[in-house]
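Peer 1: First, the structure itself, so that you have it in front of you.
The values are calculated or read from the model by the stated rules, or taken from the named source; none is laboratory data. Computed from a prediction, not measured in an experiment: that's the story for all the values here. We place every Cβ from the backbone using ideal geometry, glycine too, and count neighbours over all the protein chains shown.
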Amino acid sequence: MAARTGSKTVIYAALAGNLLIAATKFVAAFFTGSSAMLSEGVHSLVDTGNGGLLLYGMHRAARPADKTHPFGHGREVYFWSFIVALLVFALGAGVSLYEGVLHILEPEPIENFTATYVVLGLSMLFEGFSWLVALKEFRTTKGRLGYLEAVERSKDPSVFTVLFEDTAALLGLFVAASGIAAAQYFERPEFDGVASVGIGLILALTAAMLARETKGLLMGEAAEPALQQTILSIAGADPIVRSANGVISVHLGPTQIIAALSLEFEDAATAPEIEACVLRLEAALRKRVPELVTVFVKPQTPATWRARRARLED
């Protein structure tokens, strides 16, 4: 499975930005004592590690099929995307909530508000650049679909994972800035801890959304209806195919699909003719649908196909 260049570009941009931001935030948290700034530093560090995991997953998924994995390793990218969701929840949200509650119960005054605001401004600039790169790539892939519908139907988690993380990061920065400003204006350092709790809740919601989407991909989702219709049209056009009854498909990766075709052949067709037909279909389908790595053909009457589909839908 070849990884798309655009996906990797998004991840590289996020990696570079998050690494710089994390270092800046940790230095600022050390000198200012801000809980929200520490939470943001942990958030950016987790995002940096997540980018590395996504790249690792894409590398593993690109390995060819072997004896133990005859259909390839495409689902590796789905597995590591799910691990990313768990890390966002366990490390990002968990640490932020802990730090927030701790600083609400035992508030510590922020020592240097000016440095804090400068760091937040630079972080918004770096994070905004990474977010724009991810948004541009996502817009390219989503076409005319709405954003939520595109996420639900996407088979490539790398782009929407980075977009979710960057969106959460920008929201977290605004929450951190609001909490620190409130702490300065009201002279109540507890607001810094409240901001950290807010960041933790944002990360928890982001992790839940990522886990929901990647879980569906990991379990196996069908190919898009338009692609399935293309497969049926090609199969139905063969001269010895009387009826292309239906197709069952599943994504093993963003660009790896397995399909099982139900076909009724002409009664007069011989076994060698059917074998030749299957070879023709495999060649035609792989040329038209390069994501299709394996095709299984099952001779069936339309009635048998409908009966089986009815049982599956019950």
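Peer 1: What pairs come out if I take residues in the range 191-215 that are without any contact (Cβ under 8 Å) to a residue 24 or more places away in the chain and pair them with residues that are part of a helix (DSSP H, G or I) and surrounded by fewer than 24 Cβ atoms within 10 Å (Cβ to Cβ) whose C-beta lies under 6 Å away, six or more apart or interchain?
Peer 2: The qualifying pairs are 191/182.
Peer 1: Continuing with this model, one more query. State all residues of the range 125-164 that are of a type in the set (Phe, Trp, Tyr) and surrounded by 17 or more Cβ atoms within 10 Å (Cβ to Cβ); if no residue qualifies, say none. I'd like the intermediate steps shown before the answer.
Peer 2: Filtering the range 125-164 for residues of a type in the set (Phe, Trp, Tyr) gives 126, 129, 131, 138, 147, 160, 164.
Residues satisfying the conditions are 126, 131, 138, 160, 164.
Peer 1: Just to be sure, is residue 256 buried (at least 17 other Cβ atoms within 10 Å of the Cβ) and over 29 Å from the mean Cα position of the chain (by Cα)?
Peer 2: Numbers: buried (at least 17 other Cβ atoms within 10 Å of the Cβ): yes; over 29 Å from the mean Cα position of the chain (by Cα): no.
No.
Peer 1: Given the options 207, 195, name the one that is over 26 Å from the mean Cα position of the chain (by Cα), surrounded by 18 or more Cβ atoms within 10 Å (Cβ to Cβ) and assigned to a helix (DSSP H, G or I). Break it down into steps so the answer makes sense when it comes.
Peer 2: Details: 207 fails: over 26 Å from the mean Cα position of the chain (by Cα).
Of the residues listed, the single one that is over 26 Å from the mean Cα position of the chain (by Cα), surrounded by 18 or more Cβ atoms within 10 Å (Cβ to Cβ) and assigned to a helix (DSSP H, G or I) is 195.
Peer 1: Taking the range 216-240 as the search range and keeping residues that are under 22 Å from residue 75 (Cα atoms) and not hydrophobic (A, V, I, L, M, F, W, C), which one is surrounded by the fewest Cβ atoms within 10 Å (Cβ to Cβ)?
Peer 2: The qualifying residue surrounded by the fewest Cβ atoms within 10 Å (Cβ to Cβ) is 225.
Peer 1: Then there is this: Within 15 Å of the chain's Cα centre (by Cα) and either within 20 Å of residue 49 (Cβ to Cβ) or acidic (Asp, Glu) (or both): is that true of residue 152 in this structure? Talk me through it step by step, then tell me what you get.
Peer 2: On the way: within 15 Å of the chain's Cα centre (by Cα): yes; either within 20 Å of residue 49 (Cβ to Cβ) or acidic (Asp, Glu) (or both): yes.
In short, yes.
Peer 1: Restrict the check to the range 240-251 and report whether at least one residue is touching a residue at least 24 places away in the same chain (Cβ under 8 Å), closer than 28 Å to residue 92 by Cβ and of a type in the set (Ser, Thr, Tyr).
Peer 2: No, every residue in the range 240-251 fails to be touching a residue at least 24 places away in the same chain (Cβ under 8 Å), closer than 28 Å to residue 92 by Cβ and of a type in the set (Ser, Thr, Tyr).
Peer 1: If I filter the range 181-189 for residues that are surrounded by 18 or more Cβ atoms within 10 Å (Cβ to Cβ), assigned by TED's automatic domain parsing to the domain that holds residue 63, aromatic (Phe, Trp, Tyr) and on the phi < 0 side of the Ramachandran plot, do I get at least one hit? First the steps, then the outcome.
Peer 2: Start the filter on the range 181-189 by keeping residues that are surrounded by 18 or more Cβ atoms within 10 Å (Cβ to Cβ), which leaves 183, 189.
Filter once more, keeping what is assigned by TED's automatic domain parsing to the domain that holds residue 63: 183, 189.
From what is left, the residues that are aromatic (Phe, Trp, Tyr) are none.
There is no residue in the range 181-189 that is surrounded by 18 or more Cβ atoms within 10 Å (Cβ to Cβ), assigned by TED's automatic domain parsing to the domain that holds residue 63, aromatic (Phe, Trp, Tyr) and on the phi < 0 side of the Ramachandran plot.
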